[in-house]
1. All but one of (1) under 15 Å from the mean Cα position of the chain (by Cα); (2) at pLDDT 95 or above hold for TYR51; state the number of the condition that does not hold.
2. Quick check, is PHE125 within 25 Å of LEU53 (Cα to Cα) and of a type in the set (Phe, Trp, Tyr)?
3. Report, by residue number, each residue of segment 200-222 that is basic (Lys, Arg) and either more than 22 Å from PRO170 (Cβ to Cβ) or surrounded by fewer than 16 Cβ atoms within 10 Å (Cβ to Cβ) (or both).
4. Residues that are within 15 Å of the chain's Cα centre (by Cα) and in contact (Cβ under 8 Å) with a residue 40 or more places away in the chain: does segment 150-166 have at least one?
5. Taking segment 115-152 as the search range and keeping residues that are of a type in the set (D, E, K, R) and either touching a Gly at 6+ places or on another chain (Cβ under 9 Å) or modelled with pLDDT under 95 (or both), which one is surrounded by the fewest Cβ atoms within 10 Å (Cβ to Cβ)?
6. Quick one: how many residues across segment 162-194 are among the β-branched types (Val, Ile, Thr) and open to solvent by less than 50 Å² (accessible area, probe 1.4 Å)?
7. In segment 11-33, how many are open to solvent by less than 10 Å² (accessible area, probe 1.4 Å) and within 19 Å of the chain's Cα centre (by Cα)?
8. Name the one entry in ILE197, ILE155 that is modelled with pLDDT of 95 or more and open to solvent by 40 Å² or more (accessible area, probe 1.4 Å).
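The values are calculated or read from the model by the stated rules, or taken from the named source; none is laboratory data. Every value quoted in this text rests on a predicted model; they were computed, and no experiment measured them. In this analysis, Cβ positions are derived from the backbone assuming ideal geometry, glycine residues included, and neighbour counts consider all displayed protein chains. For accessibility, only protein heavy atoms count, side chains too; no ligands or nucleic acids. Shrake-Rupley method; radii C 1.70, N 1.55, O 1.52, S 1.80 Å.
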Amino acid sequence: MNNTTTGFFIHKAKHSTKAVLCSFFTEDFGKIDLTFFHAKKQREFIPFALYELEFITQPTYNTGTLKRATLINSQLHHDFNPLISAISFFVCDVVFQSTMHKHKDAPAFLALHNFSVKLNPNAAFYQLPCVFLIDWMKCLGIIPEAVDNATEFNIAEGTMVCNPRIISPPGVTTLNLLLQNKTVQGRQGIKEAFDLILAYLAYHIPNFNVNKTRTIIHEIFV
């Protein structure tokens, strides 16, 4: 069966000597895995870039075969920016590990599209990983609720806690502000909030581990 849709490229794995297995988060199907028999002159897919896809599916298999992938807005990817590249790899890692196969999710696709617009050379890069994670937790339905004067974050329960006897660490204060969509300053607080969110996601999502891309993102906070 022939299909067309648009999707963000999020992952690639070797499938055989002549093919790779490509994962896209698409507008019409959610996350899909497509076998791609690439030519020698085929350009590599760009992480977190949006493509127009044409592919074939077979009802008896979970994967399909990618026939064509056309980069949308190619001018956005003309100039290499290492910070944009690092954040893009991180976003792909999180999305790939936290979404189910063929689960259509229009709000999640919209969130990715909106974040791709924010990811531009004029952005405050050190804030963007947390901005993405807050929006993505909303899509996953596991976002904590902000609490006035919160001093602790209970990762197991996913709750902000106010304990007057405890001085709030910078990461908890920053996370509580981010959950209220407030602008925050201070890279150390944002870095600690970033790690808190990842610890929370790792606790609640089976086999979630983004340590490799997390290490790269940490360089942005320096």
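1. Here TYR51 clears every test but (1).
2. no
3. Within segment 200-222, just LYS212 meets the criteria.
4. no
5. It comes out as ASP148.
6. Residues flagged as among the β-branched types (Val, Ile, Thr) and open to solvent by less than 50 Å² (accessible area, probe 1.4 Å) within segment 162-194 amount to 4.
7. Matching residues across segment 11-33 total 7.
8. ILE155
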